[in-house]
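Asker: Quick one: the structure is below, questions incoming.
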Amino acid sequence: MSISEIKDKIKYKITDVDKINMNKSMTYYPSPVINTLTINSEKALILSLKIYDMSGKLIISVNNINKLITDIDLSTQTTGLYNILINTEKGQSCNKIVKQ
């Protein structure tokens, strides 16, 4: 296989610098979560969020948050790893959270 054929098969993904900075400006605690997850966004209002289990099933969806800090009740969720997608006024942040 030639180098040009290999280059054609490689997929490039450009990461938005603002998304990297957004992830750094978000804090999630406690870790692991027992009952309530607190999300603190230092730089942008949290507009909405979605939490997915590892199979991709939507578990929680909250809209119209419009705060810098919000609490999410995870007491009814099973122990495991979850993905959280947060929409802010300045972009999106995606992270993993652990429920104990």
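Asker: Sequence-distant or interchain residues sharing an amide H contact under 5 Å with K67, placed H: which?
Answerer: Placed amide hydrogens put I46 under 5 Å from K67.
Asker: Sticking with this structure for a sec: Given axes a ≥ b ≥ c from the Cα gyration tensor, I'd like to know whether segment 15-99 is rounded (a/c under 1.5), prolate (a/b larger than b/c) or oblate.
Answerer: Prolate, since a/c reaches 1.5 and a/b exceeds b/c.
Asker: Extension gain I59-N40, at 0.36 nm per residue separation less the Cα-Cα distance, in nm? It would help to have the intermediate numbers written out before the result.
Answerer: Details: separation 19, 0.36 × 19 = 6.84 nm, distance 2.04 nm.
Once the chain is fully extended between I59 and N40, it gains 4.8 nm.
Every number in this text was worked out from the coordinates using simple rules, so none of it is lab data. Please read all numbers here as calculations on a predicted model, not as lab measurements.
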